[in-house]
Amino acid sequence: MYDTVQKTGQDAMSTNLHPLTGNRLLDSLPAAELALIRSHSVVTQLDRHTVLHEPGGAVRAVHFPIAGIVSLVCVMKDGGGVETATIGREGMVGSPVFHGVTEASQLAIVQIPGESLEIDADRFRSLLPELPTLSALLHRFSVVLFTLAAQNSGCNRKHSIEERCCRWMLMVADRLDRATFELTHDFIAQMLGVRRASVTEALGALEKRGLIKTSRGRITILDRAGLEGSACECYAVIRDAVGSLLNGTHATA
């Protein structure tokens, strides 16, 4: 169901980046910790449908997204799956490494292309004693991931497909800082664990109400307030969890 695409890394070290990387975790670090991360990382292109790790496979690197979005997906025996977490510039992909686990339990797949700061898993483990601030932030980010998984579980059981589509599009827009993004109905259906026809029907209803516009795999949010009003309560829960746990304030998810 999911295509595996090889990662491509740039040779240039991440020290060539702007002092602010664009990743909220890294940009919260003291200068010394950020410099240490930069000196051991490379900028990696994240192409659409790139698989960063697979269930049962080794987590060979951690990624701090600078742009783009990665989905964590629970994959079933029949090849189907459902998204448990959406990770963008507010977080890190490869949390098992931080917790001393070498194998992944979920699929990590690029949903929206972008870039990340990539660090070899073994190297990252060796650096952790010198990264006390990042370690504290990653403990808090782990709570965010738990909140995402728990909220998604309840959302998938209790809320309509239209409400879930609204919640999901708002989370994507927050992470990209833009109202237009490329997403196919098929991919949304895979992430939500529902039929494509159901997603098409839900998006069509939202478009008729003037909340969004869809065109050839592209979605544009036209009425942000209206979309928030049509989303389930889970969007606000996830948004506030990210804001309070990472920044101590309420912010967009």
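Before moving on, here are some points about what is shown:
- Put simply, of Gly56, Gly22 the only residue that is in contact with a strand residue (DSSP E or B) (Cβ under 7 Å, 6 or more places away or on another chain), closer than 25 Å to Ser244 by Cβ and at pLDDT below 95 is Gly22.
The rows are residues; the columns are (1) in contact with an Asp or Glu (Cβ under 9 Å, 6 or more places away or on another chain); (2) hydrophobic (A, V, I, L, M, F, W, C); (3) part of a strand (DSSP E or B); (4) in contact (Cβ under 8 Å) with a residue 60 or more places away in the chain.
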site	(1), (2), (3), (4)
Pro96	yes, no, no, no
Val101	no, yes, no, no
Glu118	no, no, yes, yes
Arg123	no, no, no, yes
Leu128	no, yes, no, no
Ser142	no, no, no, no
Gly154	no, no, no, yes
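- Out of Arg195, Arg218, sole residue that is of a type outside the set (A, V, I, L, M, F, W, C) and over 15 Å from Glu162 (Cα atoms): Arg218
The values are calculated or read from the model by the stated rules, or taken from the named source; none is laboratory data. Quantities reported herein were computed from a predicted structural model and do not represent experimental measurements. Counting neighbours? That spans all protein chains shown, and the Cβs are built from the backbone with ideal geometry, glycine included.
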